[in-house]
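The block underneath contains the structure these notes are about, expressed in structure tokens.
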Amino acid sequence: VAIVFEAMLIFDLSPPATHVVGIRCKCPSFSKIQRSNFTDFQVTEVWVGCDRVELTLTRIKLDNSTETLCINPKRKLGLQILSCWERINKDKSRKMECLNKQRRLEDRASED
């Protein structure tokens, strides 16, 4: 038995690990985002329990309650926010710059 185990280690004959993508990710799915009053966002980097970057936005609903939405970091809005997040060197005190820039871009697009 010891020889078999040693051979498995030497030749990496271990059975393939079953890897479930994103088993502990906060965002099992993404929301379709429409124009909204976003108040905050959170970027969760890749970690042991989740193999993807996750982006959550907090917005104020019409009844003044808040709602947290998961958005796709590979879509336009996600890419813009992540790009800004990298540009401000992940400084949490400057997060509003990314949201304010997003609002300006939306306003400019609606004027056209």
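Residue by residue, here is whether (1) among the hydrophobic types (A, V, I, L, M, F, W, C); (2) touching a Ser or Thr at 6+ places or on another chain (Cβ under 9 Å); (3) closer than 11 Å to residue 27 by Cα holds:
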site: 48; (1), (2), (3): yes, no, no
site: 60; (1), (2), (3): yes, yes, no
site: 67; (1), (2), (3): no, yes, no
site: 70; (1), (2), (3): yes, yes, yes
site: 76; (1), (2), (3): no, no, no
site: 83; (1), (2), (3): no, no, no
site: 86; (1), (2), (3): no, no, no
site: 92; (1), (2), (3): no, no, no
Hits in region 30-50 (condition: touching a residue at least 60 places away in the same chain (Cβ under 8 Å) and under 17 Å from residue 82 (Cα atoms)): 38, 39
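Rule-based calculations on the coordinates, nothing more; no lab input. A quick note: this is a predicted structure, and the numbers were derived from the prediction, not measured. Ideal geometry is used to build each Cβ from the backbone, glycine not excepted, and the neighbour counts take in all protein chains shown.
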